[in-house]
Structure formats: C-alpha cells, structure tokens
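The values are calculated or read from the model by the stated rules, or taken from the named source; none is laboratory data. From a predicted model like this one, the values you see are computed outputs, not experimental measurements. Glycine gets a Cβ as well: all are built from the backbone with ideal geometry, and neighbour counts include every protein chain shown.
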Amino acid sequence: MSKPALPYKARDVVLPGDAACPGCPIPIAWKVLSAVFGDKMILVIPASCSSVVVGMYPGNSLKASVIHVPFASAAAVASGVAEALEKRGVSDVQVIAWAGDGGTADIGMASLSGAAERNHNFIYIMYDNEAYMNTGIQRSSSTPRGAWTTTTPILGKGEEKKDVARIMIAHGVPYVATASIGYVHDFYSKLVRASKIKGFKFISLHAPCPVGWRFDPRYTVRVARLAVETGLWILYEYYDGRIHLSGPSRPLLDPSKRKPVEEYLKLQGRFKNVDEKMVKSIQEYVENNWEWVKRHM
Amino acid sequence: MRVVVEPSRYKIPLARPSIGVAGKTGSWRLERPIVDNNACTRCFLCEIHCPVNVIRVEPETGVSINYDYCKGCGLCADVCPVGAIKMVPEE
Ligand SMILES: Cc1ncc(C[n+]2csc(CCOP(=O)(O)OP(=O)(O)O)c2C)c(N)n1
Ligand code: SF4
Ligand code: SF4
Ligand code: SF4
Ligand SMILES: [Mg+2]
C-alpha cells in the first residue's frame with residue numbers, strides 16, 4: 001500500500017520553529033500545500049502575518065521558494081513568474097500567490113482582477129483570517145458583521161463580509177473553490193484538482209486566528225469546523241459553469257442538519273458583545289448564502 | 001562604456017531554509033502535550049494538524065513529539081479522537 005501524502009509528504013517542507021503564534025492556521029495550510037507540491041512550489045507572499053511567520057533573512061521556515069512582495073502586487077508578480085516559467089519550459093513547479101484577506105479583498109483586488117481576466121496559469125490562495133492581523137487586528141472588508149476588531153471596538157463591524165469567491169466566479173475563471181483549515185483533506189483534493197487545470201485558479205481558505213478572534217489556540221480546527229457545520233462557511237468548487245458542493249457541506253443543504261450559529265459564535269471573544277438581534281440576522285445571512293449557492297448548483 | 005560585473009563580488013541575499021527561524025520555540029510553551037501510546041490508534045490526525053510540524057506518528061512505535069520546538073498550543077490534544085493526548089502544565 002502506498003503511503004498517504006498527508007502526513008507523509010507534509011513532513012519535510014514546513015520546518016519547526018517558525019515565528020507563528022501557537023495554534024496559527026497558516027503553517028497548517030502550508031503543510032497541505034507541501035503534501036501536494038513538495039518543494040516544487042513558488043509562494044508569492046505580500047505583507048501579512050505570513051511574511052513574518054517564515055522568519056527573517058537569512059532564514060526561511062519553508063523548504064520551498066518564497067518571493068516577498070509589496071502589498072497589491074501579489075497577483076501581478078505571480079502572473080510574471082508563471083509566464084516566465086512557461087517561456088522557460090518549466091512545467092513541474094506550481095506558482096502560488098499566498099495572500100491574506102486584507103491583501104486580497106481590499107488592497108490586492110485590482111491586480112487580482114487583472115490576473116484573473118488575463119487568465120494566467122497560477123493558483124491564488126486568499127487565507128482568510130478575517131482582519132488585518134499582522135498590524136493588530138484591524139477590520140477588513142472580509143471581517144464578518146458583528147465581529148469585534150480594534151477598529152470596530154464598541155458595536156462590532158456593521159457591514160457584511162465581502163464574498164471574494166463570488167467576485168472571482170464573476171470573472172469567469174476556470175476554477176474557484178472555498179476551503180477550510182478544519183478540512184485538510186478537502187483542501188488537499190481541491191489543490192490537486194486546481195493543479196491540473198490550466199489558467200487562473202482561486203481558492204478562498206477559511207483560517208481561524210486564535211489571537212485576532214479571541215479563542216484558545218487549541219481550538220483553531222474546532223472553530224474552523226464549526227463555521228462549516230453551522231453553514232456559515234460553505235465548502236464548494238466552481239467549474240464547468242456551476243457550483244459543486246464539497247463533501248462536508250453537502251448534507252447541510254438540508255437546513256435542519258445545520259448547527260445554530262451561536263455554537264460557532266460563542267467560542268470566540270470577538271463575538272462576545274453580539275445581541276440576540278445580531279445573532280438572528282447572522283442566521284438569516286446563512287440562509288441567504290445557501291439560497292445563492294442552490295441557485296448556482 | 002561597458003560595465004563589467006564580476007559575479008563573485010556580489011552576494012545575492014537569498015534566505016535559506018532553516019529550522020528555528022524564531023529560535024527554540026519550545027521555550028514559549030506553558031503546557032506540554034503528553035501522549036498515551038497505548039490509547040493511540042495511529043490515526044495521524046495530530047501529526048497532520050500540528051502547526052509546528054513536530055509530531056511524528058509511526059505505526060509501530062506510536063507518537064513522538066519534538067519538545068525543542070513544540071509551542072504547547074494544545075491543538076493536537078483537541079483533534080485527537082480518542083483523547084490520547086493530555087496537556088499538562090510545564091514546571
Ligand atoms: C503599502 C503597505 N501598507 C501597509 C502595510 C502594513 N501592513 C503589513 S501586514 C498588514 C496586514 C495584512 O493583513 P492581511 O492581508 O489580512 O494578512 P494578515 O496579517 O491578517 O495575515 C498591513 C496593513 C504595508 N506593509 N505596506
Ligand atoms: S496573528 Fe493569527 S494569523 Fe497571525 S501569526 Fe498569529 S495566529 Fe497566525
Ligand atoms: S501542542 Fe501544538 S505545537 Fe505542540 S505538538 Fe501539539 S499541536 Fe504541535
Ligand atoms: S490523534 Fe490521537 S489517536 Fe490519532 S495518532 Fe494522534 S495521538 Fe494517536
Ligand atoms: Mg488577514
């Protein structure tokens with residue numbers, strides 16, 4: 001019997017002793033990337049927690065190539081690297097733009113849109129910890145409604161979370177998916193599928209951050225799974241013009257199978273101050289999201 | 001005028017893969033994961049999820065943890081389906 005890629009292929013690339021906080025979702029995701037691509041990947045990383053996690057020159061916590069780039073440029077740099085590899089006939093190295101929600105949903109949106117429209121051959125992964133964590137938990141357009149951040153300190157964020165996956169679907173790119181740190185095997189198979197498709201691929205990866213979301217670091221995976229189990233974070237792939245629900249989310253088409261959103265909210269200090277009215281409207285947000293998904297299946 | 005660049009005079013500032021870019025992160029630990037290898041079913045979930053990549057599960061010998069770098073987050077104990085990992089306070 002051959003050995004499964006997870007964990008065996010994830011052993012060598014992510015090196016111990018990086019600068020991530022205990023319980024950080026970022027290196028968990030990198031282990032999954034390495035299980036698929038080994039050291040044959042080039043990560044293009046704009047300013048974010050990830051830039052810090054890999055450590056300072058002359059060290060690098062990843063046994064893979066990393067290009068540190070300024071904000072807003074990740075998708076543009078990755079486009080260039082992907083084209084250069086193609087010109088040189090290198091076909092066994094995966095280019096991955098790896099950016100936070102701030103660096104994607106806000107600051108990197110223009111270059112992301114450009115790369116998608118030109119359909120460059122790389123995978124863009126937005127790891128979504130739902131705020132600007134590296135600079136001290138400021139709200140981003142991807143912060144969910146009701147969440148405390150240092151820039152929404154009293155009432156929590158008033159606006160709805162921006163759905164970047166939908167924006168990318170509207171670009172007509174060949175592959176868009178949502179994934180979660182709580183479902184590493186699902187994330188793994190999405191990366192495998194994405195790597196076989198030529199052109200622009202986008203993955204939105206839900207990545208609970210214990211520091212910014214105010215929960216015990218041991219619960220990173222538990223919180224990620226609850227987001228899916230409550231139906232707040234829907235796991236799907238979009239290709240061939242329609243949504244394909246992923247395994248963990250499939251039973252939740254039936255609303256009675258979804259856990260109440262409170263179970264997700266109550267584990268996190270950032271939702272400590274939400275009142276009943278807010279909980280109700282977050283529940284409505286879940287129902288509306290599912291209606292949208294159903295219409296596109 | 002043609003400028004001749006001598007390659008040997010330039011160092012490219014390339015960072016190299018290294019263990020412990022943030023030092024021996026085991027010193028951050030407040031709690032230590034202790035594994036009961038008799039209870040362990042070798043499901044690999046703790047190894048797959050450890051953010052520091054310091055857990056190794058071997059079918060014969062069971063689970064081992066590199067405490068030089070384990071940050072004591074407790075995530076392995078939370079994902080273990082049979083409760084084979086306990087977090088105990090560091091001395
Ligand atoms: C042009 C520019 N503006 C601001 C910053 C400061 N900065 C560094 S990381 C960061 C937050 C990034 O947030 P996000 O993309 O969500 O990644 P996270 O830190 O949450 O992982 C900011 C604002 C910068 N480095 N460059
Ligand atoms: S703040 Fe959150 S995302 Fe950033 S390194 Fe710490 S745990 Fe990871
Ligand atoms: S406590 Fe955290 S860092 Fe230590 S072995 Fe468990 S998961 Fe890894
Ligand atoms: S998660 Fe628990 S049962 Fe599974 S390998 Fe680790 S210690 Fe053993
Ligand atoms: Mg962020």
Quick one: how many residues across the range B:13-37 are in contact (Cβ under 8 Å) with a residue 24 or more places away in the chain and more than 15 Å from A:Asp18 (Cα to Cα)?
8
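Which residue, of B:Val54, B:Val3, is modelled with pLDDT under 95 and of a type in the set (Val, Ile, Thr)?
Matching residue, one of B:Val54, B:Val3: B:Val3.
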Out of (1) within 16 Å of ligand 4 (Cβ to nearest atom); (2) within 10 Å of chain B (Cβ to nearest Cβ), the one A:Ala29 does not meet is (1)
Out of the residues in the range A:206-243 meeting the condition of being within 16 Å of ligand 4 (Cβ to nearest atom) and farther than 30 Å from A:Arg295 by Cβ, tell me which one is farthest from the chain's Cα centre (by Cα).
A:Arg218
When the range A:195-224 is examined, which residues are found to be crowded, with 20+ Cβ neighbours inside 10 Å, away from ligand 2 (no atom under 15 Å from the Cβ) and of a type outside the set (A, V, I, L, M)?
A:Phe200, A:Lys201, A:Phe202, A:Ser204
Of the numbered conditions (1) in contact (Cβ under 8 Å) with a residue 40 or more places away in the chain; (2) buried (at least 24 other Cβ atoms within 10 Å of the Cβ); (3) closer than 19 Å to A:Lys190 by Cβ, A:Gln94 fails exactly one; give the number of that condition.
(2)
Restricting the range B:32-44 to residues that are within 24 Å of A:Gly182 (Cβ to Cβ) and more than 9 Å from every other protein chain (Cβ to nearest Cβ), the one farthest from ligand 4 (Cβ to nearest atom) turns out to be B:Pro33
Residue check: is A:Val192 among the aliphatic types (A, V, I, L, M), under 22 Å from A:Val32 (Cα atoms) and surrounded by fewer than 22 Cβ atoms within 10 Å (Cβ to Cβ)?
yes
Within the range A:200-254, tally of residues that are closer than 21 Å to A:Cys49 by Cα, away from chain B (no Cβ under 14 Å) and among the aromatic types (Phe, Trp, Tyr)
2
Quick check: anything in the range B:9-28 more than 8 Å from every other protein chain (Cβ to nearest Cβ), away from ligand 2 (no atom under 16 Å from the Cβ) and at pLDDT 95 or above?
yes
Among the strands (runs of 3 or more DSSP E) confined wholly to the range B:28-89, which include 2 or more residues that are within 15 Å of the chain's Cα centre (by Cα) and aliphatic (A, V, I, L, M)?
B:55-58, B:62-65
Breaking point among (1) surrounded by 24 or more Cβ atoms within 10 Å (Cβ to Cβ); (2) away from chain B (no Cβ under 13 Å); (3) of a type in the set (A, V, I, L, M, F, W, C); (4) within 16 Å of ligand 5 (Cβ to nearest atom), for A:Ala78
(4)
The condition of being acidic (Asp, Glu), more than 16 Å from ligand 5 (Cβ to nearest atom) and surrounded by fewer than 18 Cβ atoms within 10 Å (Cβ to Cβ) holds, among A:Asp18, A:Asp39, only for A:Asp39
